[in-house]
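Computed from the coordinates by the stated procedures, all read-outs in this text should not be read as laboratory data. All values derive from a computational prediction rather than experimental measurement. Quick reminder, even Gly has a Cβ in these numbers, built from the backbone with ideal geometry, and neighbours come from all protein chains shown.
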Amino acid sequence: ALTRRVACPDGVHTATNEACCALFPIVDVLQSEFFDGGECGEEAHESLRLTFHDAIGFSPTKGGGGADGSIMVFGDIETNFHANGGVDEIVNAQKAFIAQHNITISPGDFIQLAGAVGVSNCAGAPRLEFLLGRPPPVAASPDLLVPEPFDTITSILARFADAGFSPEEVVALLASHSVAAADHVDPTIPGTPFDSTPSVFDTQVFIEVQLRGTLFPGTGGNQGEVESPLEGEIRLQSDHDVNSRTACAWQALANDQAKMAADFRAAMSKLAILGQDRTKLIDCSEVIPSTKTVSTRPHLPAGQTESDVEQACAASPFPALTADPGPATSVAPVPPS
Ligand code: HEM
Ligand SMILES: [Ca+2]
Ligand SMILES: [Ca+2]
Ligand SMILES: [Mn+2]
């Protein structure tokens, strides 16, 4: 069936719903100014992280409005929660951008829009769904709903289950850590990536978290950090533990870009509307930029061999991968904005 499209007042775009028209210029200026011309850099990474930290403030028993923009409107409260360390910077940057460009969509909508646009700049990422119409938040989220990297895996999976996510969906959401770096886990080395390709949404995080940890990239003894396999790469205790508890689901994504991207997209569609009523939202996914394909193949970083893989899934072997040639991989930090 043909979908009727309306002409937008700008004379350029058409949309399935007139309400989506107002988003095209917002996406354009996000790309040109906020994401520095369409980069998968620090702002894109932090904007993706913010989608999670706003949304996961939701519990059927403990309260919280989920993906409602509370982390921005009640930022004075929520950015002080320990688990939200560092998000004040992206909250303030997005707030300033909203004010500067007279953006009138709700904070909850803006946070999810920015995350979806930002991650579209990362080669290999799926084109995320974007639904419009979240009402303004009514209150701050309660504390202790955002998981910490030093939480036990039991408590992390229980927290996600409370918010409606299966262990497989948690693994899929952690594909986000393929385009990510830590600024605060080891404050002596801000910008230290979780995989060797932090500007590519590839499966490397699922491969590299499975390699035997041998070193701390900066100082040892930080809460929530365990040893990583590569110079310049940091490993969260939670990524490592999620992997050991849900090893086969983790391993299934290590060599399957298409499944990783599709599962991430599906889980993000749930995350982005936590606490919201899907039937009251308007599908404006068409405003999200088309995505770029990833050009590399899943591989072991140079210097690693199959014997460096810590087999964790009992049911099937880790996929056979070849190592990049050359000297042992050392990962460069993500530059600050
Ligand atoms: C078990 C659940 C999770 C834990 C414990 C966790 C923990 C963390 C920590 C500690 C950092 C580093 C922050 C810093 O020091 O700057 C981080 C970064 C990040 N997280 Fe997660 N995370 C989890 C799930 C998620 C999910 C579901 C998303 C998805 C949307 C996400 C997206 C990101 C991104 C994109 C970054 C990188 C930010 C940047 O590079 O600036 N995380 N996460
Ligand atoms: Ca929220
Ligand atoms: Ca990556
Ligand atoms: Mn950062």
Top mean-square fluctuation among Ile71, Ile273, Ile189, Gaussian network model of the chain, C-alpha springs under 10 Å? Ile189
Isotropic mean projected area of the C-alpha convex hull, the stretch 119-166 (nm²): 5.8 nm²
In order through the stretch 296-305: 3J(HN,Hα) via Karplus (6.51 cos²θ - 1.76 cosθ + 1.60), integer Hz, x for Gly, Pro: 8, 9, x, 8, 7, x, 3, x, 9, 10
Using 13 Å as the cut-off for backbone N distance, which residues of the stretch 57-83 belong to the label zone defined by a point 7 Å from the Cα of Lys95 along Cα→Cβ? 70-80
For 319-329, 90-100, ranked highest to lowest by mean beta-carbon neighbours within 10 Å, the order is 90-100, 319-329
Connecting C-alpha atoms closer than 10 Å in a GNM of the chain, tell me which of Leu128, Leu113, Leu300 has the biggest fluctuation. Leu300
Once both labels are modelled 7 Å past Cα along the beta-carbon direction, what's the Asp36-Arg297 spacing in nm? 3.1 nm
May I ask you to derive the relative contact order of the stretch 198-337, considering only C-alpha pairs under 8 Å and at least 6 residues apart, and to give it as an integer percent? 30 percent
Springs between alpha-carbon pairs under 10 angstrom, Gaussian network model over the chain: which of Asp76, Asp68, Asp143 fluctuates most? Asp76
With the Cα gyration tensor of the stretch 1-69 in hand, give its eigenvalues times 5 under a square root as the equivalent ellipsoid semi-axes, listed largest first in whole angstrom. 29, 21, 9
Pairs of Cα atoms under 8 Å, at least six residues apart: use those to get the relative contact order of the chain, whole percent. 22 percent
With each pseudo-label sitting 7 Å past Cα toward Cβ, what's the Asp162-Glu310 distance in nm, one decimal? 2.7 nm
For the stretch 153-247, just run the numbers: alpha carbon Rg, then divide by 2.2 N^0.38 Å, N being how many residues it has. 1.04
Structure-based [θ]222 nm, the chain - -39500 (n - 2.57) summed over DSSP H runs of at least 4, per residue, nearest 500: -9000 deg cm²/dmol
Hull volume per residue for the chain, using the convex hull of the C-alpha atoms, in Å³ is 141 Å³
Mind checking which lysines have their C-alpha under 25 Å from Lys259, skipping anything on the same chain fewer than 8 residues away? Lys270, Lys292
Given labels modelled 7 Å from the Cα in the Cβ direction, how far is it in nm from Asp256 to Thr322? 2.4 nm
Per 5 Å bin, what is the whole-percent P(r) computed from every C-alpha pair distance within the stretch 1-40? 6, 24, 22, 16, 16, 11, 4, 1
Summed over the other residues with a beta carbon less than 14 angstrom from that of Ile288, with K and R at +1 and D and E at -1, the charge totals -2
Local electrostatic count, Ser70, Cβ distance below 9 Å [Lys/Arg +1, Asp/Glu -1]: -3
Ranked highest first by the average count of other Cβ atoms within 10 Å around their residues, in what order do 35-47, 151-163 fall? 35-47, 151-163
The stretch 168-219 and the stretch 19-40 have their Cα centres apart by a whole-number Å value of 27 Å
Ranked by how many other beta carbons lie within 10 Å on average, peptides 193-202, 286-295, 129-138 from highest: 193-202, 129-138, 286-295
